[in-house]
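Visitor: Pasting a structure below so you can have a look.
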Amino acid sequence: MDLTFILTDACNLRCRYCYQPAFGQDVMPCDVAVEAMRNAVRHGAERLALTFFGGEPLLEDEALLAILTEARRLENDSGVEVTAKVSTNGTRLSEKFLAHAAEGGLFISLSHDGVKEAHDASRVSVRGEGSFEVVDRALRLLVAHGRPFGVYSVVTPVNVAYLAESREYLWEAGARILVTTLDYTAKWDRPAVRMLRRQYGSAFAGTMRLRRLRAASRNADPGGRRPRCGG
Ligand code: SF4
């Protein structure tokens with residue numbers, strides 16, 4: 001069973017494509033989440049897939065970790081497998097949180113739109129300032145931490161010209177799970193659609209180039225291959 005917990009409707013960013021109609025200060029009490037999980041197990045759920053969402057869920061990081069601890073306890077007691085992920089804008093990510101997240105088996109999906117020009121076109125603070133520097137720091141923190149994580153990027157008519165460059169930037173920074181989505185609510189005129197087509201072509205060519213480079217480096221270093229049985 002999938003359970004999505006909207007921990008808060010507050011957010012410290014004001015992304016120009018955000019679908020949230022209003023920002024408040026409402027917070028979901030931990031008990032609600034814990035009861036929802038118990039209820040699901042009581043009603044025969046064979047597996048729980050938890051998603052922590054917002055607003056910005058890391059504004060309520062302590063509540064998130066408390067719910068995660070309860071989820072692992074429930075998993076232990078009931079034998080029902082629990083997976084957990086959080087979608088974050090990265091502005092509140094810290095070493096301490098990452099250490100707790102690793103303990104609780106929390107998968108982190110970071111919202112990052114790529115190079116500064118692409119990212120700051122939409123992902124701005126309450127005062128309208130770009131968030132690239134702080135979010136990019138979060139990306140470097142995740143890479144240094146060494147656990148798998150995802151990067152989620154939104155492509156709009158305003159930043160589409162940077163799509164291929166942004167994917168390459170994120171890959172070179174160390175991100176390996178890249179998800180790109182379009183802002184379907186934006187007005188995509190013909191030039192923007194043409195640019196999108198060109199950028200998809202460039203992004204595809206970039207991926208193929210990376211594959212060739214990796215294959216070439218494997219061939220140049222056959223010792224790096226996995227040994228055959230008995231070999
Ligand atoms: S970080 Fe998410 S919730 Fe906050 S403004 Fe941006 S899109 Fe909206």
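All of the numbers you see were taken from the coordinates with simple rules; none came from a lab. Note that this is a predicted model, so its numbers are computed, not measured. Positions of Cβ are generated from backbone atoms using ideal geometry, with glycine treated the same way; all protein chains shown enter the neighbour counts.
Visitor: Where the Cα atoms of the chain are projected onto their three principal axes, how long is each span, largest first, in whole Å?
Guide: 61, 51, 31
Visitor: Which aspartates and glutamates have a Cα less than 12 Å from the Cα of Lys85, not counting those fewer than 8 places away in the same chain?
Guide: Candidates past the 8-residue exclusion: Asp2.
Visitor: Could you tell me the calculated FRET efficiency between Glu129 and Phe204, based on Cβ-Cβ distance and R0 = 30 angstrom, to the nearest 0.05?
Guide: After rounding, the FRET efficiency stands at 0.35.
Visitor: Using a Cα-Cα cut-off of under 12 Å, which aspartates and glutamates could be cross-linked to Lys96, ignoring same-chain neighbours fewer than 8 residues away?
Guide: Partners within reach: Asp61, Glu62.
Visitor: Shifting gears a bit: Please give the length that would be gained between Lys116 and Ala22 if that part of the chain were fully extended, namely 0.36 nm times their separation in residues minus their C-alpha to C-alpha distance (nm, one decimal).
Guide: 31.2 nm
Visitor: Packing-wise, with mean Cβ within 10 Å as the measure, how do 28-41, 111-124, 203-216 rank, highest first?
Guide: So the peptides 28-41, 111-124, 203-216, ranked by packing, come out 111-124, 28-41, 203-216.
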